[in-house]
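Working notes for the structure below.
The values are calculated or read from the model by the stated rules, or taken from the named source; none is laboratory data. This one's a predicted model, so the numbers in the text were calculated from it and none came from an experiment. Using ideal geometry, Cβ is built from the backbone for each residue, glycine included, and neighbour counts are taken over all protein chains shown.
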Amino acid sequence: MVLEVVKYGHPVLRKKGAKIEKLTPDVRKLISDMLETMRVAHGVGLAAQQIGEAVQLTVIDVSPVTDRPSTLEQNGKPADVNGFMPLVLINPEIKPYGEMQTGPEGCLSFPEIFADISRPSHVEVKALNENGEIIEFRAGGLLSRAIQHEVDHLNGILFIDRMSRDAKAEVQAEIAELQAKTKTALKG
């Protein structure tokens, strides 16, 4: 089922997600619905907060993106990124590393708002997958950026918090308008 994506101004986007203690039928349904919602919205990632659930769950699929490469390493060996997609991360723990790289980011909770964001080039990840199994890997490129963006969501951090002062100033009017629309809709 396609879920509504929460827009900026909704308080759930600032909530740190609770750990998922058990892979219940409800959690499995949430994963399935989030994957469908992400595909329909043409996103590369979706965090639970973005569909109104403050839990430690995100889904990612960078396979449709061909102009921004990704890398993945498992057990110290290169792995096929597309073979891991879509990626479900439950209770993820990450360690970003490498030099800072600036690249374009958008967010389904901020439609039509984009900015260049600086993030470390790579990330180490440890999480549970959709089967409750521990997965560990390293990622680079777009996959690293997407993971860091989505894990930020799980901690109540938004990509506007990572924008440079100049970048934020450029989109400030759109951000304010979106926030006002969302707050008005919540009151209605």
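When only residues in region 38-53 that are outside any strand (DSSP E or B) and of a type in the set (G, A, S) count, which is surrounded by the most Cβ atoms within 10 Å (Cβ to Cβ)?
A48
Do we find that P64 is within 17 Å of R145 (Cα to Cα), without any contact (Cβ under 8 Å) to a residue 40 or more places away in the chain and out of contact with any His (no Cβ under 6 Å at 6 or more places or on another chain) in this structure?
The answer is yes for P64.
Sort out which residues of region 54-75 are touching a strand residue (DSSP E or B) at 6+ places or on another chain (Cβ under 6 Å) and assigned to a strand (DSSP E or B), and write them in order of number.
Of everything in region 54-75, those that are touching a strand residue (DSSP E or B) at 6+ places or on another chain (Cβ under 6 Å) and assigned to a strand (DSSP E or B) turn out to be V55, L57, T58, V59, I60, T71, L72, E73, Q74.
List every residue pair whose Cβ atoms sit under 8 Å apart, with the two residues 6 or more apart in sequence or on different chains, where the first one lies in region 32-52 and is more than 13 Å from E150 (Cβ to Cβ) and the second, anywhere, is exposed (fewer than 15 other Cβ atoms within 10 Å of the Cβ) and not small (G, A, S).
Within 8 Å, the pairs are D33/M1; D33/V2; E36/M1; E36/V2; T37/V2; V40/V2; H42/P64; G52/E4.
Name the single residue that is surrounded by the fewest Cβ atoms within 10 Å (Cβ to Cβ) among those in region 1-37 being of a type in the set (D, E, K, R) and part of a loop (DSSP other than H, G, I, E, B).
K22
Only strands (runs of 3 or more DSSP E) wholly contained in region 77-188 count here; list those with 3 or more residues that are more than 17 Å from the chain's Cα centre (by Cα).
87-107, 134-140
Which number in (1) surrounded by 13 or more Cβ atoms within 10 Å (Cβ to Cβ); (2) of a type outside the set (G, A, S); (3) farther than 22 Å from Q49 by Cβ; (4) without any contact (Cβ under 8 Å) to a residue 12 or more places away in the chain marks the one condition that I157 misses?
Of (1) surrounded by 13 or more Cβ atoms within 10 Å (Cβ to Cβ); (2) of a type outside the set (G, A, S); (3) farther than 22 Å from Q49 by Cβ; (4) without any contact (Cβ under 8 Å) to a residue 12 or more places away in the chain, only one is false for I157: (3).
I'd like the residue in region 100-148 that is under 23 Å from T66 (Cα atoms), among the acidic types (D, E) and surrounded by fewer than 19 Cβ atoms within 10 Å (Cβ to Cβ) and, out of all such residues, is modelled with the highest pLDDT.
Selected residue: E124.
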